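Step one of this worksheet: look at the structure below.
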Amino acid sequence: MKNAHEQMNIVIVGHVDHGKSTVIGRLLADTGSLPEGKLDQVRRNCELNAKPFEYAFLLDALHDEQAQGITIDTARCFFKTEKRRYIIIDAPGHIEFLKNMVTGAARAEAALLVIDAHEGVRDNSRRHGYILSMLGIRQIVVLVNKMDLVDYSQVVFEKIKGEYQAFLDQIHIKPQAFIPISAREGENLIAQSPALSWYQGPSVLQQIDDFQKEKRKEDQPLRMPVQDIYKFTEDGDDRRIVAGTIETGRVGVGDEVIFLPSQKRTVIKSIEGFNEPLRMVAEPGRPVGFTVAPQIYIKPGEIMCKDGELLTHIGSTFRANLFWLGKHPMIRGKRYKLKLATNRATVYLREILMVLDASDLSTQPHADAICRHDVAECVLQTVKPIAFDCTQDIECTGRFVLIDDYEIVGGGIIAESLDNAGSAINNHVIQREYTWDKGSISVECRTNRFHHKPKFIVVTGGENHDPRELAKGLEEALFHEGRNVYYLGLSSIVGGLEADNPEVREDREEQIRRLGELGRILSDAGLIVVAAVPGLDEFELDILRMLNEPYEILTVIQGMDPIVDTPLNLRIGENESRDASIEKIKEVLQKNEVLLDYYL
Ligand code: GTP
Ligand code: MG
């Protein structure tokens with residue numbers, strides 16, 4: 001064998017009775033992959049029971065043996081050629097196969113699709129093609145089987161080929177080849193068949209050996225989902241270790257890396273193993289930690305990529321194919337959690353493009369919910385932009401699971417990034433404004449009464465600055481000036497309004513959203529609201545800003561990188577005193593005509 005360790009998973013699909021099991025039985029028998037004496041034993045059994053021998057019986061015989069003791073989710077067989085080992089998955093029970101494929105438990109790298117030459121293209125032949133495309137299986141060979149029943153006719157073969165090719169074109173699948181075969185007679189399986197001399201292409205086995213192995217993990221672009229950030233606790237030591245497991249690619253000391261979605265850049269300074277000698281290069285597989293210089297502020301859940309390589313997408317809307325396991329159907333408008341690599345994000349089902357019932361493979365183009373064991377093509381939207389890949393580019397960061405109420409309710413793969421589709425928050429705000437039940441007091445009335453306009457002020461700071469101190473100081477100063485000001489603490493929301501919602505306690509994204517909604521209500525009440533959020537990032541600010549519409553937020557930033565692209569913000573020097581900072585904030589408020597002193 002060229003590469004004794006190389007192994008490839010192939011799935012075989014096709015309409016019932018079109019000959020899948022016979023193809024597998026033949027491949028096992030003719031490559032000498034059957035246990036000693038198995039073929040004879042099955043033949044003898046057939047004779048004893050006076051029924052004609054079938055290659056498909058070989059599979060049953062094998063499975064009876066294998067099934068003792070182990071449960072087999074999908075029927076698998078093993079065979080090997082000169083080139084490598086194969087696992088061939090017969091997928092009669094579609095549910096398990098689909099589930100395993102989308103959750104990543106099993107992954108077929110290539111597929112054989114069988115069509116009976118005598119019966120021609122059937123509905124299932126099309127559905128199976130569609131499923132293969134949904135699952136992102138790109139290497140497909142179509143076997144036109146039972147050519148013996150149509151006198152090995154080239155005309156019949158070309159007709160089926162033309163018809164099925166036209167269908168595959170619609171779903172953007174380009175099969176590697178169409179091969180005319182007779183599985184029962186063994187024509188064109190292992191070697192070219194004299195009966196099909198008009199066909200010049202490869203045999204099934206040659207074609208299978210021709211499938212490309214997916215790229216080795218280390219040869220793909222770098223993807224290291226950040227699991228955690230460890231801090232050194234020694235005084236004055238501000239180093240951090242960025243920890244995680246490299247999924248793909250490799251990275252070395254001195255490499256420039258970029259964290260997504262925050263897009264922060266830095267350089268790898270050292271690679272820290274756990275109980276192992278220092279290394280210069282890190283590869284996929286083991287947990288690893290990095291120190292970086294310059295020091296940057298990033299969060300767990302981000303994906304570390306390498307400068308100059310293909311980066312992940314950053315976005316909030318994507319087309320996905322998912323398999324639903326939840327007891328309750330997946331519906332629009334409900335909030336789910338999406339877990340992609342180490343990141344967790346709030347996600348909504350925005351649109352259902354197609355639902356396929358995995359038990360009978362019937363399709364519904366306009367379903368309004370995704371039920372248990374459905375496979376669906378749909379558009380998902382996160383509240384906050386996330387970093388992801390499309391599975392066809394990089395698999396590990398193109399897969400996700402969906403969680404509802406702490407339970408896994410689905411798994412899926414990302415097929416396409418859909419940018420500029422409007423964000424979930426934006427859609428929410430439009431809907432919210434539409435249903436907002438307004439009182440009769442206008443903003444102007446309140447401004448005249450309070451001598452200031454409403455303003456939501458968000459104070460944020462880096463790790464060495466607790467923004468609460470400044471926020472509370474600001475509240476005090478404005479209050480003593482006679483303003484209607486209120487300090488809104490994040491934990492007051494979690495422990496108060498959301499006391500019966502324990503999920504929110506561990507979920508910063510949800511806390512931010514609630515802060516935004518409450519900030520909007522209190523702004524509408526005419527108040528100056530001051531909130532403190534440590535380490536606010538640009539996406540979170542974006543959420544707060546959108547939720548606060550039509551009002552505008554003032555951001556006060558101390559001791560951390562500026563948050564890009566904020567129209568109304570104030571940066572405060574690292575060592576500025578509290579009182580001086582408060583004066584600066586007041587100046588900005590005056591300049592922006594929030595504080596209207598001439599009324600006093
Ligand atoms: P299911 O598992 O039930 O979906 O069927 P399958 O696709 O596995 O088909 P299977 O291999 O069991 O074959 C179905 C029937 O077609 C059997 O009776 C086979 O002997 C017959 N058959 C398979 N291949 C050929 C062939 O090349 N020529 C002829 N004449 N019959 C074939
Ligand atoms: Mg079968």
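Here, each number is a calculation from the coordinates, and none is a lab measurement. All figures in this text were calculated on a predicted structure; none of them were measured in a lab. In this analysis, Cβ positions are derived from the backbone assuming ideal geometry, glycine residues included, and neighbour counts consider all displayed protein chains.
Report the FRET efficiency, 1/(1 + (r/R0)^6), for residue 122 and residue 357, where r is their Cβ-Cβ distance and R0 is 22 Å, rounded to 0.05.
0.80
Compute the normalised compactness of the range 441-600: alpha-carbon radius of gyration over 2.2 N^0.38 Å, N being the residue count.
Compared with the compact-globule rule of thumb, the range 441-600 sits at 1.00.
For the range 162-232, what is the convex hull volume of its Cα atoms per residue in Å³?
183
For the range 469-534, evaluate the Debye formula with one uniform point scatterer on each Cα (no solvent term) and list log10 I(q)/I(0) at q = 0.23 Å⁻¹, rounded to two decimals.
Result of the Debye calculation: -0.97.
If I model a spin label as a point 7 Å beyond the Cα along the Cα-Cβ vector, how far apart are those points for residue 392 and residue 327 in nm?
3.9
How big is D, in µm² s⁻¹, for the chain by Stokes-Einstein at 4 °C and 1.567 mPa s if Rh is the Kirkwood radius over C-alpha pairs?
After rounding, the answer is 46 µm²/s.
Based solely on its DSSP helices, what 222 nm [θ] is calculated for the chain when runs of n ≥ 4 H residues each add -39,500 (n - 2.57) and the sum is averaged over all residues, nearest 500 deg cm²/dmol?
-8000 deg cm²/dmol
How big is the range 125-195 by Rg and Dmax over its Cα atoms, in Å?
Cα only, the range 125-195: 12.9, 37 Å (Rg, Dmax).
FRET efficiency for residue 50 and residue 269, Cβ-Cβ distance as r, R0 = 51 Å, nearest 0.05?
Computed FRET efficiency for residue 50 and residue 269 comes out at 0.10.
Given the Cα-Cα distance of residue 584 and residue 78 and 0.36 nm per residue of separation, how much length would full extension add, in nm?
Answer, rounded to one decimal: 174.9 nm.
Please report the equivalent ellipsoid semi-axes of the range 341-494, computed as sqrt(5 x eigenvalue) of the Cα gyration tensor, largest first, in whole Å.
One finds semi-axes of 44, 22, 13 Å for the range 341-494.
Could you list, bin by bin from short to long, the percent of Cα-Cα pairs of the range 173-301 in 10 Å steps?
Each 10 Å bin holds this share of Cα pairs: 11, 31, 16, 9, 13, 13, 5, 1, 0.
Which number do you get for Rg(Cα) / (2.2 N^0.38 Å) in the range 432-511?
Output field value: 1.39.
Multiply the residue gap between residue 448 and residue 491 by 0.36 nm, knock off their C-alpha separation, and tell me the result in nm, one decimal place.
Using 0.36 nm per residue and subtracting the Cα-Cα distance, I get 12.3 nm.
Please report Rg (one decimal) and Dmax (integer) in Å for the Cα set of the range 254-295.
According to the Cα coordinates of the range 254-295, Rg and Dmax are 11.0, 31 Å.
Step through the table entries 80/213; 231/339; 264/337; 264/384; 384/453, compare each Cα-Cα distance with 22 Å, and write down the pairs that go over it.
231/339; 264/337; 384/453
With a point put 7 Å past each Cα toward its Cβ, work out how far residue 85 is from residue 155 in nm, to one decimal.
4.8
Run the numbers for residue 213 and residue 197: contour at 0.36 nm per residue of separation, minus the present Cα-Cα distance, in nm.
2.8 nm
Regarding the range 242-338, what whole-number volume in Å³ per residue does the convex hull of its Cα atoms give?
So the per-residue hull volume is 146 Å³.
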